[in-house]
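J.: The following block contains the structure, expressed as structure tokens.
The values are calculated or read from the model by the stated rules, or taken from the named source; none is laboratory data. These figures come from a predicted structure and were not determined experimentally. Ideal geometry is used to build each Cβ from the backbone, glycine not excepted, and the neighbour counts take in all protein chains shown.
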Amino acid sequence: MAFHEIPIVDVSELRRPGGPSAEFCTEFTDICHNVGFALVTNHGISAQLTADVFEMMRRFFELPVADKERIDKTRSPQFRGWEPVGAETTNNAADVREQIDVWTEWPTTPAIDPVYSRLLGPNQWLPDTVLDQHRALSLQWIDALAELADQLMAALSVGLGLDRSHLRDLFGDQPMSLAKFIHYPPTPAFGAGVNPHHDAGFLTVLAPGPTPGLQVQNPDGAWIDVPIVPDTFVINLGEILQSMTGNYLVATPHRVITNDERYSAGYFHGPSLTTPLTRLPLDARYADATAASPHHHDAGFMPTPEEARNGTGAMASEHRPETYGEQLWNYFSRSYSAQMVAHHSDVLA
């Protein structure tokens with residue numbers, strides 16, 4: 001059945017000694033199966049930290065362009081830093097937003113095999129004289145949301161009939177997660193702040209801010225507004241969990257269209273680049289539930305760059321990357337084609 005509202009879930013049980021109850025894990029996993037989105041309350045993230053992050057974003061996006069360009073993403077072979085409105089494309093259309101991308105930092109490598117190892121490297125930071133606490137606050141934000149994401153993954157593991165640590169154990173020793181700090185100007189007619197898409201990683205934790213604009217597509221094709229509920233985070237699933245659960249959990253399409261200036265701060269929880277995206281050892285009942293639901297068994301994936309060039313529809317691909325690194329390499333190649341050529345032409349087919 002198509003959903004018509006986004007569930008609100010009290011996740012205080014996540015911090016209970018011994019972890020959340022089996023009943024909570026089952027209920028949360030059912031929401032992820034049927035909707036793929038939730039608003040979570042009592043999440044344990046400091047309201048002051050969230051307020052500080054939004055104030056940091058406001059100060060950054062009000063800077064002169066010359067200051068922003070000191071961390072211009074086009075300079076980064078690892079696709080990190082600031083980008084202006086229109087720099088990223090989703091579904092072959094420019095997104096009407098500017099943003100800062102901060103990824104987990106690991107030593108840089110010039111590796112050719114696997115080529116996606118080139119995504120490891122440093123972030124770009126403004127000095128405190130330009131943007132006070134830019135690096136420190138961004139890293140504090142990542143640590144806080146990563147802890148919440150790990151707790152949610154433990155609940156999903158139990159809800160899928162696995163050991164509590166099963167999903168976290170798959171992350172390996174070099175997890176690659178993303179914090180995205182976003183500024184949306186009012187969306188022009190026939191445009192989108194970010195065009196309809198799936199997220200690429202395991203799961204997303206988003207602070208949506210006080211301004212509406214985020215919309216989720218239900219199985220009937222209708223766009224459902226995500227309400228603004230103070231001190232909540234939006235949780236949604238990425239294509240990795242869709243692939244690894246054989247579509248029992250699906251990455252629900254979403255977009256942003258806003259009438260007013262809007263800020264949001266997202267965190268995209270990701271494993272090591274070498275993590276294989278093999279099927280989880282799930283009980284047969286999960287495959288049976290998927291087979292019985294056209295919404296699930298017919299759910300596709302974001303196209304590869306070649307498919308996108310050849311006209312494969314948004315989220316209509318059947319391609320399954322073998323590793324998380326391949327998934328990210330496809331994403332950057334699809335969304336930042338010119339920058340990919342500028343930095344990595346020696347390894348492009």
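J.: In segment 188-203, what residues are touching a residue at least 40 places away in the same chain (Cβ under 8 Å) and in a loop (DSSP other than H, G, I, E, B)? Explain how you work it out, then say what you get.
T.: Filtering segment 188-203 down to residues touching a residue at least 40 places away in the same chain (Cβ under 8 Å) leaves 188, 191-203.
Those that are touching a residue at least 40 places away in the same chain (Cβ under 8 Å) and in a loop (DSSP other than H, G, I, E, B): P188, G191, A192, G193, H198, A200, G201, F202.
J.: While we're here: In segment 311-349, which residues are more than 22 Å from P84 (Cβ to Cβ) and among the small types (G, A, S)?
T.: Hits for segment 311-349 are G311, G313, A314, A316, S317, G325, S345, A349.
J.: Quick one: which strands (runs of 3 or more DSSP E) lie wholly within segment 233-349 and hold at least 2 residues that are under 23 Å from L120 (Cβ atoms) and in contact (Cβ under 8 Å) with a residue 12 or more places away in the chain?
T.: Numbers: elements: 233-237, 254-256, 262-269.
Qualifying strands (runs of 3 or more DSSP E): 262-269.
J.: Related question: Taking strands (runs of 3 or more DSSP E) that do not extend beyond segment 1-117, which have at least 1 residues that are without any contact (Cβ under 8 Å) to a residue 24 or more places away in the chain and crowded, with 18+ Cβ neighbours inside 10 Å? Explain how you work it out, then say what you get.
T.: Working: elements: 8-10, 37-41, 81-83, 98-103.
Correct list: 81-83.
J.: Given the conditions (1) over 27 Å from P186 (Cα atoms); (2) within 18 Å of the chain's Cα centre (by Cα), report the number of the one that I100 does not fulfil.
T.: If we test I100 against (1) over 27 Å from P186 (Cα atoms); (2) within 18 Å of the chain's Cα centre (by Cα), just (1) comes out false.
J.: Follow-up. Return the residues of segment 255-293 that are of a type in the set (A, V, I, L, M, F, W, C) and closer than 30 Å to L137 by Cα; say none if nothing qualifies. Before the answer, list the steps.
T.: Kept after step one, since they are of a type in the set (A, V, I, L, M, F, W, C), are these residues of segment 255-293: 256-257, 265, 268, 273, 277, 280, 282, 284, 287, 289, 291-292.
Once the filter is applied, which keeps residues that are of a type in the set (A, V, I, L, M, F, W, C) and closer than 30 Å to L137 by Cα, segment 255-293 yields V256, I257, A265, F268, L273.
J.: Regarding segment 168-190, can at least one residue be identified that is closer than 24 Å to R255 by Cβ, of a type outside the set (A, V, I, L, M), out of contact with any helix residue (DSSP H, G or I) (no Cβ under 9 Å at 6 or more places or on another chain) and at pLDDT below 95? Walk me through how you get there before you give the answer.
T.: Step one: list which residues in segment 168-190 are closer than 24 Å to R255 by Cβ, which gives 177-190.
When the remaining residues are screened for being of a type outside the set (A, V, I, L, M), the result is 177, 180-181, 183-188, 190.
Next, only the ones that are out of contact with any helix residue (DSSP H, G or I) (no Cβ under 9 Å at 6 or more places or on another chain) stay: 180, 184-188, 190.
Now narrow it down to the ones that are at pLDDT below 95: 190.
Taking every residue of segment 168-190 in turn, at least one turns out to be closer than 24 Å to R255 by Cβ, of a type outside the set (A, V, I, L, M), out of contact with any helix residue (DSSP H, G or I) (no Cβ under 9 Å at 6 or more places or on another chain) and at pLDDT below 95.
J.: Only one of (1) of a type outside the set (S, T, N, Q); (2) touching a Leu at 6+ places or on another chain (Cβ under 8 Å); (3) surrounded by fewer than 18 Cβ atoms within 10 Å (Cβ to Cβ) is not met by L203, so which one is it?
T.: (3) is the only condition that L203 fails.
J.: From L206, L145, grab the single residue that is part of a strand (DSSP E or B), closer than 28 Å to F3 by Cα, in contact with a Phe, Trp or Tyr (Cβ under 8 Å, 6 or more places away or on another chain) and not hydroxyl-bearing (S, T, Y).
T.: Numbers: L145 fails: part of a strand (DSSP E or B).
Checking each option against the conditions leaves just L206.
J.: Can you pull out the residues in segment 163-200 that are buried (at least 19 other Cβ atoms within 10 Å of the Cβ), over 16 Å from the mean Cα position of the chain (by Cα) and within 24 Å of G121 (Cβ to Cβ)?
T.: Once the filter is applied, which keeps residues that are buried (at least 19 other Cβ atoms within 10 Å of the Cβ), over 16 Å from the mean Cα position of the chain (by Cα) and within 24 Å of G121 (Cβ to Cβ), segment 163-200 yields only L170.
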